[in-house]
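Just below is one structure, and these are the notes that go with it.
The values are calculated or read from the model by the stated rules, or taken from the named source; none is laboratory data. Please read these numbers as outputs of a predicted model, since none were measured by experiment. Cβ coordinates were reconstructed from backbone atoms using ideal geometry, including for glycine residues, and neighbour counts include every protein chain displayed.
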Amino acid sequence: MKALKEVLSWVMPVVIGVLIALVVRQLWFGIVKVEGDSMAPNLQDTERVMLLKKANITHNTVIVFDAKGVDNNNPTVKEDTKYVKRVIGLPGDKVEYRNNGEVYVNNKHLPQGYISKKQRTVGTLTLTLKKASGVTLGSNQSFTVPKGKYFVLGDNRKVSNDSRYYGFVPKSKVFGVVKVTFWNSKAKLINSYSGLAAN
């Protein structure tokens with residue numbers, strides 16, 4: 001009996017610790033692998049990033065969402081397909097993406113210092129696929145993000161499959177916000193980006 005108590009005295013804390021870790025991971029935290037080049041140069045193909053499930057989503061926040069039922073253009077999307085993109089427009093926002101590559105949200109300039117001027121203009125305005133319904137790009141054109149949805153773009157605009165092609169992302173499809181470690185050279189461009197100078 002004494003031996004059993006001794007075993008339980010060190011087994012129980014381990015079991016409790018594992019259970020707590022599982023609950024934390026399920027409710028608040030996760031790890032996601034980036035696949036593809038749509039977020040380059042800030043996130044690389046096969047890079048692993050942290051996912052905060054309860055974090056606040058603001059303009060320029062990088063999110064992970066369930067692509068199934070959102071991207072109906074891509075036949076390779078499965079039940080577990082996740083996309084990583086940057087939020088440009090929040091629910092109810094009026095968005096204008098001008099010919100010079102600048103974005104205005106509710107008539108206020110939205111900094112995009114995480115990509116170069118060339119990436120903003122050529123990459124965003126030169127569409128390679130059919131444009132999504134409700135999305136208009138270019139000077140003197142604007143659109144409103146529907147209630148309960150987000151307008152998202154990949155940082156590598158030239159190759160990114162994003163809201164320009166499949167439309168708005170429902171809040172209900174969002175898993176959480178991407179964070180990278182502080183020693184990652186791109187941390188300031190991913191974690192709570194606040195408008196750093198453009199490249």
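Brief remarks on what is shown
- Subset of the range 121-145 [among the hydroxyl-bearing types (Ser, Thr, Tyr), over 22 Å from Val62 (Cβ atoms) and in contact (Cβ under 8 Å) with a residue 40 or more places away in the chain]: Ser139, Ser142, Thr144
- Of all the listed residues (Lys158, Lys118), the sole one being outside any strand (DSSP E or B), among the basic types (Lys, Arg), in contact (Cβ under 8 Å) with a residue 24 or more places away in the chain and assigned by TED's automatic domain parsing to the domain that holds Gly69 is Lys158.
- Pairs where the first residue, in the range 178-194, is assigned to a loop (DSSP other than H, G, I, E, B) and the second is of a type in the set (Asp, Glu) and crowded, with 16+ Cβ neighbours inside 10 Å, C-beta under 9 Å, 6+ apart: Val180/Glu47; Asn184/Glu47
- Residue within the range 64-81 that is on the phi > 0 side of the Ramachandran plot and polar (S, T, N, Q) present: no
- Evaluation of Val159 against the conditions (1) among the hydrophobic types (A, V, I, L, M, F, W, C); (2) modelled with pLDDT of 95 or more; (3) closer than 17 Å to Met39 by Cα shows that the sole unmet condition is (2).
- Residue satisfying all of: in the range 124-149; under 19 Å from the mean Cα position of the chain (by Cα) and under 20 Å from Arg98 (Cβ atoms); surrounded by the fewest Cβ atoms within 10 Å (Cβ to Cβ) among these: Ala132
- Where Gln112 falls short, out of the listed (1) surrounded by fewer than 18 Cβ atoms within 10 Å (Cβ to Cβ); (2) under 18 Å from the mean Cα position of the chain (by Cα): (1)
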